[in-house]
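Since the structure comes first, as structure tokens, the remarks are kept for the end.
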Amino acid sequence: MMHELRAVMYREARIRATNLLFIFWDVVYPIGYLLVFGVGLNSAVRFTTGPAAVDYNAFFLAGVLGMASFGIASNTAWSFFLDRDNGIYYEMLTYPISRAQYLVGKVLFNILIALVQAAITIGLADALLGVSVWWAMSPLVVLMVVVGTAGWFFFYAIFAVLIRRNDAFNTVTSVFYFVLLFASSMFYPLEPLPAPLRAAAYANPITWQVDVLRYATTSLGDPSWLPLEFAGFAGFTVASLAGALTALRRDA
């Protein structure tokens, strides 16, 4: 089994090596959000939150980590859709590799990319922006990045298998990207929002992911809610994996 997974991971690495745009989007683009969008808002609105009155850079750090894992998963699902659309996926299944191994091999490589991206982002936030990172909670950050990247890839993989048209797939992923990201706690605290918007954000898995990351990086948030939010996102990941495997098995 490990040989098959390594083969899929090697292919993913070759794809990244021949397309610098993917590397830029996966690793550099979220950091740009932190350095430009975060710094700009921090200077413009003098944002503070939490008992320690931390600034927007500290608040937004977890949002950038969540955005990165979401974006990496979306890009990987896009490459998966292309593999299926042009027949490479079906050709690979003629080799001694199962659908589940193909899926897991893809997600393992992209978890490595997400962990590298998270390490760079957190290091820059600490060194350049003065964010007081809670380093003792790094294992929880690693765990949430792993689970988050896997969960969103499995979620997108369902649509990569079920949708046949390129334009339809792009439309669906774009809608998910904007709706899920902005209807969450990624960019702003939820408490001042109107009740309907706040309820929608609390039902959004990105909010669960970002809330755990925010507590693990800067200790912001209510720790009594974190086990429930982590369990909810873990359940979302398992359900997405089951849905992706079911869609793959039905795909002829």
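The values are calculated or read from the model by the stated rules, or taken from the named source; none is laboratory data. Because the structure is predicted, anything quoted here is derived from the model rather than measured. Cβ coordinates were reconstructed from backbone atoms using ideal geometry, including for glycine residues, and neighbour counts include every protein chain displayed.
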Exercise. Of the residues that sit in region 124-149 and are crowded, with 23+ Cβ neighbours inside 10 Å and among the small types (G, A, S), which one is nearest to T218 (Cα to Cα)?
Worked result: A125
Seminar exercise, completed: Flagged in region 118-151 as among the polar types (S, T, N, Q) and part of a helix (DSSP H, G or I), in numbering order, are T121, S138, T149
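Being in contact (Cβ under 8 Å) with a residue 24 or more places away in the chain, in a helix (DSSP H, G or I) and in contact with a Ser or Thr (Cβ under 9 Å, 6 or more places away or on another chain) is true for just one of F169, F154. Which residue is that?
Selected residue: F154, the only one of F169, F154 that is in contact (Cβ under 8 Å) with a residue 24 or more places away in the chain, in a helix (DSSP H, G or I) and in contact with a Ser or Thr (Cβ under 9 Å, 6 or more places away or on another chain).
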Problem set entry | Count of residues meeting criterion [part of a helix (DSSP H, G or I), of a type outside the set (S, T, Y) and in contact with a Lys or Arg (Cβ under 9 Å, 6 or more places away or on another chain)] in region 85-99 | 3
For this session: Of the conditions (1) more than 13 Å from the chain's Cα centre (by Cα); (2) more than 30 Å from D126 (Cβ to Cβ); (3) at pLDDT 85 or above, F155 clears all except one; give me its number.
Result: (1)
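Yes or no, residue by residue, for (1) under 25 Å from A100 (Cα atoms); (2) in a helix (DSSP H, G or I); (3) in contact with a strand residue (DSSP E or B) (Cβ under 7 Å, 6 or more places away or on another chain):
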{"site": "L193", "(1), (2), (3)": "no, no, no"}
{"site": "A201", "(1), (2), (3)": "no, yes, no"}
{"site": "T207", "(1), (2), (3)": "no, yes, no"}
{"site": "V212", "(1), (2), (3)": "no, yes, no"}
{"site": "F230", "(1), (2), (3)": "yes, yes, no"}
{"site": "A234", "(1), (2), (3)": "yes, yes, no"}
{"site": "L241", "(1), (2), (3)": "yes, yes, no"}
{"site": "R249", "(1), (2), (3)": "yes, yes, no"}
For this session: Report whether or not I72 is at pLDDT below 80, among the hydrophobic types (A, V, I, L, M, F, W, C) and part of a helix (DSSP H, G or I).
Result: no
Problem set entry | Qualifying position, being assigned to a helix (DSSP H, G or I) and farther than 27 Å from N204 by Cα, among L82, L181, L112, L103 | L82
For this session: Can you work out which of the residues in region 206-252 that are modelled with pLDDT under 85 and within 25 Å of W135 (Cβ to Cβ) is surrounded by the most Cβ atoms within 10 Å (Cβ to Cβ)?
Result: G221
